[in-house]
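The structure under discussion appears below in the form of structure tokens.
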Amino acid sequence: QQNAETLGFQTEVKQLLQLMIHSLYSNKEIFLRELVSNASDACDKLRFESIDNPDLLEGDGEMRIRVEYDKEQRTITISDNGIGMSRDEAVKNLGTIARSGTKEFFSQLTGDKQKDAQLIGQFGVGFYSSFIVAEKVSVLSRRAGTPETEGVLWESEGQGDFRVAPAEKADRGTAITLYLREEDAEFADGWRLRAILRRYSDHISLPIQMRKEDWDAEKQEQIKSNEWETVNQANALWTRARNDIEDEQYIEFYKHIAHDFEDPLAWTHNRVEGRTEYTQLLYIPKRAPFDLWDRDAKRGVKLYVKRVFIMDDAEQLLPNYLRFVRGVIDSADLPLNVSREILQESRDVRAIRDGSARRVLSLLEDLAENEPDKYTQFWQTFGQVLKEGVGEDTSNKERIAGLLRFASTHNDSSVQDVSLSDYIGRMKEGQDKIYYVTADSYAAAKHSPHLEVFRKKGIEVLLLSERVDEWMLSFLTEFDGKTLVSVAKGGLDLAELADEEEKQKQEKVAEEFKPLVERLEKTLGEKVKSVRVTGRLVDSPACVVVDEHEMSPHLLRMLQAAGQ
Ligand code: ADP
Ligand code: MG
């Protein structure tokens, strides 16, 4: 064959292939879901590109996915009439993994199969899952709008390399043929394939077609006819009524759009009517994506306009602090040719963002109240991200504050499960402030000398030790009418909590130590602002505090470390 080339897989692809075959043997049928999902994405992309360039449709605008099989040959073919791939696209898309952070991700692999299998779920396997059941995969593709002679044939056994060669293809799109391993021959079966498609791909909005089959009583086997039939519901899941959707369908739809292996933790599905109209189906994942803290990582939801796919990762549709949310928003108002730039300025988009943020917060409030275990799981995974919302989203600050969870002297454990309302509910007679301490670690916070007097008086203190906390607290000065106060700041007024006898004692002590204080002030001179007798220590003789309106030592250290 002319111009045939053999090329090597990217190292990470080789690792992925190895790992996948070892870790997914008990879940083999997912290959079909992944391939159908890609076929559906390819049709979405073509529909979108054809808005500006109708010629791409080559006279055929009916997008569909077809699944065929041949028992004798032990093959399954999944074909679509979507966007297709050029030679270069096939080399890049089917030979490398383009996602940011891929290298770092693979460097975490330990060689321990069980642990690595967990990791892989977090990564998603996509196209390469074909090799779980296939000993050879061939992909015949042609990009929409290119000549019939410019197709590409990509083939591989999933070992170290793959071959690409020019090929002819009459119709646009992609046909993927799996040559099944002997032990996986069972998948080349009409019943089996239909059952898998209904289970995993029913939510796909395009028709998935298979050849009609009839039972031939004489031959005692299924006979395929030339007619096609649609085996899924073929309407967009989010356009259906909530009551008509089963949890299983919501879950599979999530896996399709989020490229996640795990079930979601929770979701919310609503049609919003009024000045701006849109449907939102938003999910909270169970696990953080490996690139949650990667600034360049993709985030955001899928945007549709009147059921036409417009773009992935529309980040303008949700505030940044909800970047872990996945899902679909389908707007009835935005123009089909909306660009990322237009999204940034659109008033409709702002309305959608505000509405979606409120929905997600309601979902979280609902979890916190009714499914505390799930909420704990959420908090452990995404709590640090949600904290950013306190500074970022002024209009929802109080609600976000209500969702915060802290470690506290009340539990003597590093688990963050105390809400500000819990704290207020336990406040002492006469206490009108919420006390907290910040430090570099939970242990440092817990052993802070500033806590002594609080321990003695039995007053609870929140223990904060995450990087984002100081920044967050600069926005969160009050909750439910109670001021938040750092125990490390000056002017700590515990007087109203002291009884008469104690007050008199303190005054007497202050009088007695006046000469010492004066001597200390003189000796320390410029180094300190003032020296005071205090009731805040129990066991330690002295401590340094900052003025109420000054930066805490912890924040100071953080800024210094950041070179400020
Ligand atoms: P993902 O779907 O998460 O991008 P996959 O491994 O499933 O990852 O697919 C890799 C890439 O291969 C896709 O992003 C797409 O560019 C390309 N691709 C896969 N299947 C098809 C298809 N049927 N038609 C066109 N492109 C495809
Ligand atoms: Mg995919």
Please compute, for the alpha-carbon atoms of region 35-185, the extent along each of the three principal axes and give them in descending order in Å. 52, 41, 25
Give me the orientation-averaged projected area of the Cα convex hull of region 99-153, in nm², one decimal. 5.9
So, by mean Cβ neighbours within 10 angstrom, what's the order for 245-251, 202-208, 414-420 with the highest one leading? 202-208, 414-420, 245-251
Nothing charged except the Cβ atoms of Lys and Arg (+1) and of Asp and Glu (-1): what's the magnitude of the dipole of region 309-413 about its Cα centre? Round to the nearest 20 debye. 120
Please find the FRET efficiency linking Lys71 to Ala165, where r is the Cβ-Cβ separation and R0 is fixed at 30 Å, and quote it to the nearest 0.05. 0.60
So, counting K/R as plus one and D/E as minus one, what does the shell of residues with Cβ under 11 Å around Gly300 add up to? +4
In Å, descending, principal axis extents of the Cα set of the chain: 108, 53, 46
Among 271-280, 325-334, 147-156, the order from most to least packed when residues are scored by Cβ within 10 Å on average: 325-334, 147-156, 271-280
Could I have the simple spin-label model distance between Asn270 and Glu512, label points 7 Å from Cα toward Cβ, reported in nm to one decimal? 6.2
Environment charge at Val139 (Cβ cut-off 12 Å; Lys +1, Arg +1, Asp -1, Glu -1): +2
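I need the fraction of alpha carbon pairs in region 315-471 separated by more than 27 Å, rounded to a whole percent.
Distances greater than 27 Å cover 35 percent of the Cα pairs.
Values in this text are rule-based calculations from the coordinates and carry no lab data. Fair warning: this is a prediction, and the values are worked out from it, not measured in the lab. Cβ sites come from the backbone with ideal geometry, for glycine too, and all protein chains shown count toward neighbours.
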